[in-house]
Amino acid sequence: MEQKLSNPLSTAVAKRYSNVLETVRDALKYGRKALAFQPVIQAGAPQNILFCKGLIRISDPAGRHIPARDFIAEVENNELERLIDCATLQLGLATLAEQPDVRVSVNMSAQSIGYPKWEHTLEEGLQRSPNLATNLILKMIENSVMAAPEVARYFMNDMQKLGLCFALDNFFGAGQTSLVRLRDFYFDIIKMDRQFTKDLAQSAENQVLIQAVIGVAGSLKMFCVA
């Protein structure tokens, strides 16, 4: 019987990702991490960069980027997610310290509120340079906020007194936030879910929905991002 030979590349790729969580954990431990920046521009005025999204990038020992899709679902709601949040915040604060004229948003889970290392990273960064607070935007995914709404609300209230801004990601998507409940929080920015903004020019229904969200957000003094 003829034996089918395995594809060496496929074997190597499978081996590489067989223990991706351990690779991610080691990358955080040994500093194989960086932020990639994506500008958020003003509608109708693309020359105006309002702020930059800082997206975590983690590499393996060979320097190859590990796609977030390969680990993000596996780390959700466990300590590794907290450690990723810590690394993202640390890199964001370092960027602001080096470039005080830019505004940067970094992702976090609401479950990181109260995690000692994450809170220490934030407190230490703001103590070194209190002015950083006005240029830092903390972006939380809707589902994580709804998992601990009171904790998130009180934390946001305390931090906003220092000048921090908060963004709600994936609003009106697969999450649980209603327009009514939105008033209970003091988000500065809401990012509308892509399913409602993609191909918006061809969807009259989505246009009506987005106009409604923009109207409510404006009344609550919230800035909308698509």
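Among the residues of segment 84-112, what is the count of those that are over 23 Å from I41 (Cα atoms), among the aliphatic types (A, V, I, L, M) and modelled with pLDDT under 95?
Restricting attention to segment 84-112, the residues satisfying the condition of being over 23 Å from I41 (Cα atoms) are 84-87, 90, 109-112.
Now restrict to residues that are among the aliphatic types (A, V, I, L, M): 84, 87, 110.
Right, trim to modelled with pLDDT under 95 and you get 110.
Total satisfying the criteria: 1.
Of everything listed in (1) farther than 19 Å from Q38 by Cα; (2) touching a Leu at 6+ places or on another chain (Cβ under 6 Å); (3) touching a residue at least 40 places away in the same chain (Cβ under 8 Å); (4) not acidic (D, E), the single unmet condition for I113 is (2).
Sort through I137, I214 and tell me the only one that's in contact (Cβ under 8 Å) with a residue 12 or more places away in the chain and either assigned to a helix (DSSP H, G or I) or under 29 Å from A94 (Cβ atoms) (or both). Break it down into steps so the answer makes sense when it comes.
Details: I214 fails: in contact (Cβ under 8 Å) with a residue 12 or more places away in the chain.
Matching residue, one of I137, I214: I137.
Answer yes or no as to whether V225 is closer than 26 Å to A45 by Cα, at pLDDT 85 or above, exposed (fewer than 12 other Cβ atoms within 10 Å of the Cβ) and of a type in the set (V, I, T). Full working, then the answer.
Values: closer than 26 Å to A45 by Cα: yes; at pLDDT 85 or above: yes; exposed (fewer than 12 other Cβ atoms within 10 Å of the Cβ): no; of a type in the set (V, I, T): yes.
So V225 fails the test.
No other residue among K139, K161 is under 22 Å from V213 (Cα atoms) and either loosely packed, with under 15 Cβ neighbours inside 10 Å or in contact with a Ser or Thr (Cβ under 9 Å, 6 or more places away or on another chain) (or both) apart from K139.
If you go through segment 113-130 and keep only what is of a type in the set (G, A, S) and modelled with pLDDT of 90 or more, you end up with G114, G125. A residue that is without any contact (Cβ under 8 Å) to a residue 24 or more places away in the chain and of a type in the set (D, E) can be found somewhere in segment 147-155.
Within segment 161-176, the residues that satisfy the criterion of being among the hydrophobic types (A, V, I, L, M, F, W, C), at pLDDT 70 or above and in a strand (DSSP E or B) are C165, F166, A167, L168.
If the condition is being closer than 22 Å to V24 by Cβ and of a type in the set (G, A, S), then segment 74-104 contributes A87, G92, A94. Which pairs turn up if I take residues in segment 182-210 that are part of a loop (DSSP other than H, G, I, E, B) and look for partners that are of a type in the set (K, R) with beta carbon separation below 7 Å, at least 6 apart in sequence or on another chain? Partner pairs satisfying both residue conditions: D184/R153; F185/R153.
One residue alone among L132, L96, L89 is buried (at least 20 other Cβ atoms within 10 Å of the Cβ) and within 24 Å of V75 (Cβ to Cβ), and that residue is L89.
The values are calculated or read from the model by the stated rules, or taken from the named source; none is laboratory data. Just so you know, these numbers come straight off a predicted model, no measurement behind them. Here the Cβ is made from the backbone with ideal geometry for all residues, glycine too, and neighbour counts use every protein chain on show.
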